[in-house]
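Note sheet for the following structure.
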Amino acid sequence: MTRQKTFLIRAELGRSGVLKECVMRLPVDQNGGITNKGRQAIRSRFFDGSTQTPGSMQYALNLEAFSNGHDITAAIKKYYENKV
């Protein structure tokens, strides 16, 4: 059975240049990286119907990798500064 983790995802909506965010539970491999099936789910979630273009992930932050609120707050701050 595939393990799933909760990620904060920032992805481009199609080729529009518009960045959208969402929280998704995605399958991870043995090293904790997002699997191909997870990446496919991201592309379909951020699909741009007007141009028929799948979305492309820009950043992903594993929310389950942190043990306390201070660490996750610092990580989200870096996420928004694009330092992930």
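Computed from the coordinates by the stated procedures, all read-outs in this text should not be read as laboratory data. None of these values were measured; they are calculated from a predicted model. Cβ atoms come from the backbone with ideal geometry, glycine included; neighbour counts cover every protein chain shown.
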Between helix 36-45 and the chain: long-axis angle, C-alpha atoms, 0 to 90°, nearest 10: 60 degrees
CD proxy at 222 nm, helix term only [per DSSP H run n ≥ 4: -39500 (n - 2.57); per residue of the chain; nearest 500]: -8000 deg cm²/dmol
Rounded to the nearest 10, the angle in degrees between the Cα long axis of helix 69-80 and the longest principal axis of the Cα atoms of the chain comes to 30 degrees
Largest first, please: the extent of the C-alpha atoms of the chain along each principal axis, to the nearest Å. 41, 34, 15
Determine which residues of the stretch 1-43 fall in the zone a paramagnetic label at F66 would reach in this model, i.e. backbone nitrogen under 12 Å from the point 7 Å along Cα→Cβ. 8
Residues of the stretch 1-38 with the amide nitrogen closer than 19 Å to a label point 7 Å from the Cα of E81, along Cα-to-Cβ, please. 10
Which Cα, out of T73, T6, I42, lies furthest along the positive dipole direction of the chain (beta carbon charges, K/R +1, D/E -1)? I42
Neighbourhood net charge (13 Å Cβ-Cβ; Lys/Arg +1, Asp/Glu -1) for V23: +3
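Determine the sum of side-chain charges near D48: Lys and Arg each +1, Asp and Glu each -1, restricted to other residues whose C-beta is under 13 angstrom from that of D48. Kindly include the intermediate steps, with their values, before the conclusion.
Working: positive: R15, K20, R43, R45; negative: E12.
My count for the surroundings of D48 gives +3.
Placing unit charges on C-beta atoms (Lys and Arg positive, Asp and Glu negative, everything else neutral), compute the dipole magnitude of the chain about its Cα centre in debye, rounded to 20.
Details: 13 positive and 7 negative charges, 26 e Å.
Here the size comes out at about 120 debye.
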